[in-house]
Amino acid sequence: MDIVQHTDVVVLGGGPAGIAAAVAASRRGLKATVIERNSFLGGKATAAEVGTVCGLYHFSKSGGSAYVVNGFAKEFAETLQARSGTQPLHNAEGLHYLPYNIEAFKKICLELISHDNIIIHFNAVLKNVQTENGKIISASVIAEGKPLTIFFKSLIDCSGDSVISSAANLPVLKTDNYQAAAQLFTMEGVAEDNEGRLGLLIVKALKAAIDQDILPEFYDRVYIVQGSLKNNCVSLKIGIPLPVTYAPGNLQELKTVAQSFVENLSRFLIKNVTAFKNASIQHIAPEVGTRTGQRSIGKYILTEEDVLQCRKFDDAIANASWPVEEWGQQRRVSMCYFPEHDFYQVPAVCLQSATITNLFFAGRNISATEKAIASARVMGICLQTGYAAGCLAAAFASGFSQNDAVKQVQKEQL
């Protein structure tokens with residue numbers, strides 16, 4: 001027999017957006033329930049070990065990293081920076097990002113939801129939802145192997161893949177092939193203390209091996225995670241040479257190919273690059289890093305033009321300062337920039353379902369085109385859309401005006 005629970009707001013997904021959403025609802029005095037499929041929090045930030053938070057700072061080629069975010073996103077970033085013992089970095093193109101420690105990220109997330117008003121269900125998956133009169137009134141979940149039915153007033157999809165929209169048979173935005181996936185892994189025993197120099201050594205060795213047909217062409221999709229070279233350890237990111245389709249079996253195929261790539265690459269580096277002579281694999285991130293997936297359809301669909309023209313909105317709930325970043329099945333990433341020192345905004349209507357009155361979205365599955373989400377998917381923006389969605393869902397659950405909720409979010413975040 002199912003266990004039955006009642007709550008105010010359900011949040012599906014315990015990544016950056018989900019944590020922000022649960023905190024926002026809790027801070028408004030409501031009960032929030034988080035459903036997380038892993039045994040830990042952080043979403044792709046920790047399961048795929050992304051390693052850097054992007055979208056927190058102004059797009060600027062000057063040396064200093066100035067926040068473009070405020071409120072919860074800034075609060076989270078400053079705590080993460082202090083716990084990780086890191087500083088923001090930037091590249092020549094003017095992109096600023098914050099390296100972080102994976103365990104610190106997990107711990108901060110856990111501390112934030114260790115609150116009387118927040119319940120977390122780990123190792124939990126959504127089975128189905130029940131819809132009534134234009135609302136979703138309950139969700140059936142398997143949590144720790146046990147059936148659970150949760151009744152609520154509003155819910156927020158922070159799954160990254162619009163799981164709730166799929167369960168409710170709502171239309172979604174999708175494509176045949178999504179952005180290329182990546183696998184993160186860490187090697188220890190690396191005899192080099194300069195990250196730039198190590199990167200050049202890797203590139204040179206791989207290029208020579210590819211030119212001589214010793215390695216396939218896709219072995220040029222290897223990057224150092226910026227700021228990760230510490231204590232003779234370095235994290236590497238590899239682009240997986242297999243399309244992301246989300247067809248049955250596709251994620252397992254990606255994981256299998258990634259595992260083989262990591263093993264072969266590490267053996268090559270140990271044999272051919274002096275700095276890796278005594279190195280070994282310390283660990284491999286438990287999940288493949290998928291960048292984009294299907295998105296829910298909201299009252300407005302954010303477009304590439306909105307991003308690149310730095311459009312501002314009357315109902316804006318987030319300041320967004322990351323370019324359109326697309327990873328295809330080739331080594332070089334495609335970047336489309338907007339003017340330096342400027343930014344675009346995400347409107348509240350991208351977080352509100354077009355058809356279900358009590359359904360909200362945040363993170364990677366906000367209502368946006370494939371090009372727009374290539375920018376809006378980064379963590380600095382996900383933290384903001386998550387917090388805003390939590391505020392909007394809390395207002396709905398409390399019978400308050402959505403317009404008033406937007407104005408409150410603007411005071412806190414913008």
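The numbers here are math on the coordinates, done by the rules we state, and not lab data. Remember, predicted model here, so these are calculated numbers, not experimental data. No Cβ is skipped: glycine too gets one built from the backbone with ideal geometry, and neighbour counts run over all protein chains shown.
The table for this structure:
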| item | result |
| --- | --- |
| Full-stretch length increase - His283, Ala191 - with 0.36 nm per residue and alpha-carbon distance subtracted | 31.3 nm |
| Mean ellipticity per residue at 222 nm, deg cm²/dmol - from DSSP H runs of n ≥ 4 across the chain, formula -39500 (n - 2.57) | -10000 deg cm²/dmol |
| Residue of Gln352, Gln330, Gln252 that the Gaussian network model of the chain assigns the largest fluctuation, springs spanning Cα pairs under 10 Å | Gln252 |
| Residue exposure sequence - Tyr97, Tyr337 - by fewest surrounding Cβ within 10 Å | Tyr337, Tyr97 |
| Two-site label geometry, Glu305 and Glu132: point separation in nm, points 7 Å out along Cα→Cβ | 4.3 nm |
| Within straight-line cross-link reach of Lys204, aspartates and glutamates at Cα separation under 17 Å, skipping those fewer than 8 residues along the same chain | Glu192, Glu195, Asp213, Glu217, Asp220 |
| Net charge of neighbours whose Cβ lies under 12 Å from the Cβ of Ala32, counting Lys and Arg as +1 and Asp and Glu as -1 | +2 |
| Cα-based shape type of segment 271-414, given that a ≥ b ≥ c are square roots of the gyration tensor eigenvalues and the cut on a/c is 1.5 | prolate |
| Computed log₁₀ I(q)/I(0) - Debye formula, equal Cα scatterers, no solvent, the chain, q 0.12 Å⁻¹ | -0.94 |
| Mean Cα-pair separation over length for the chain, i.e. relative contact order, pairs under 8 Å, 6 or more apart, % | 23 percent |
| Cα-based Rg / Dmax (Å) for segment 374-414 | 11.1, 34 |
| Least to most buried among Cys391, Cys310, Cys54 (fewest other Cβ within 10 Å first) | Cys310, Cys54, Cys391 |
| Two-decimal Rg to Rh for segment 182-284 - Kirkwood Rh, Cα set | 0.98 |
| Modelled FRET efficiency - R0 22 Å, Thr79 with Leu414, Cβ distances, 0.05 increments | 0.60 |
| Label zone at Ile214 (point 7 Å along Cα-to-Cβ), backbone N below 16 Å, segment 192-208 | 201-208 |
| Additional length obtainable on full extension of the chain from Leu251 to Lys174, 0.36 nm per residue less Cα span | 26.1 nm |
| Cα-centre dipole for segment 182-284 with unit charges at Cβ (Lys and Arg positive, Asp and Glu negative), debye to 20 | 140 debye |
| Cα-based shape type of segment 1-62, given that a ≥ b ≥ c are square roots of the gyration tensor eigenvalues and the cut on a/c is 1.5 | oblate |
| Reachable aspartates and glutamates, given that their alpha-carbon falls under 17 Å from the alpha-carbon of Lys153 and they are not under 8 places away in the same chain | Asp8, Glu132 |
| Simple spin-label estimate for Gln259 and Asn91 in nanometres, 7 Å along Cα-Cβ | 3.1 nm |
| Among the listed pairs Lys207/Lys277; Lys207/Lys371; Lys31/Lys174; Lys135/Lys371; Lys230/Lys277, those beyond 27 Å (Cα-Cα) | Lys207/Lys371; Lys31/Lys174; Lys135/Lys371 |
| Label-point gap, in nm, between Ser166 and Asn123 - each point 7 angstrom along Cα→Cβ | 2.2 nm |
| Calculated Rg and Dmax of segment 321-387 using C-alpha coordinates, Å | 13.3, 42 |
| Net lengthening on full extension, Gln402/Asn70 (0.36 nm per residue, minus Cα-Cα) | 117.5 nm |
| Ranked Met335, Met187, criterion: other C-beta atoms within 10 Å, fewest first | Met335, Met187 |
| Rounded, prolate or oblate (a/c below 1.5 giving rounded, otherwise prolate when a/b exceeds b/c) for segment 26-167 by Cα gyration tensor | prolate |
